[in-house]
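Have a look at the structure below before the remarks.
Just so it is clear, none of the values below were taken in a lab; they were calculated from the coordinates. Bear in mind that the values here come from a model prediction, so they are computed numbers and not experimental data. Here Cβ is always computed from backbone atoms with ideal geometry, including for glycine, and neighbour counts include all displayed protein chains.
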């Protein structure tokens, strides 16, 4: 993961896929294609917070939510 303070943009590269997110935006750019997310990337207490499901799915992972024990599994 690469953070660009000037543009407030995060770039994640995995297996040739390039995902970019900008703080305050709900647009994820994947290899140049724009994907609208249901929430925005943001900074909380000095930490960058990204929408896990949107980023993981865009990069080819499977995300599962277990309601019974309130856990997320990313594979």
In deg cm²/dmol and to the nearest 500, what is the mean residue ellipticity at 222 nm of the chain if only DSSP H runs of at least 4 residues count, each as -39500 (n - 2.57), divided by the residue total? -2500 deg cm²/dmol
Can you compute log10 of I(q)/I(0) for segment 2-74 with the Debye formula, treating each Cα as one identical point scatterer, at q = 0.12, 0.14 Å⁻¹? -0.34, -0.46
Taking 22 Å as R0, compute the FRET efficiency from the Cβ-Cβ separation of residue 27 and residue 64 and round it to 0.05. 0.30
Note the full-extension length gain between residue 74 and residue 11 as 0.36 nm times their separation in residues minus their Cα-Cα distance, in nm to one decimal. 20.7 nm
Rounded to the nearest Å, what's the spacing between the alpha carbon centres of segment 42-75 and segment 1-31? Just the number, please. 15 Å
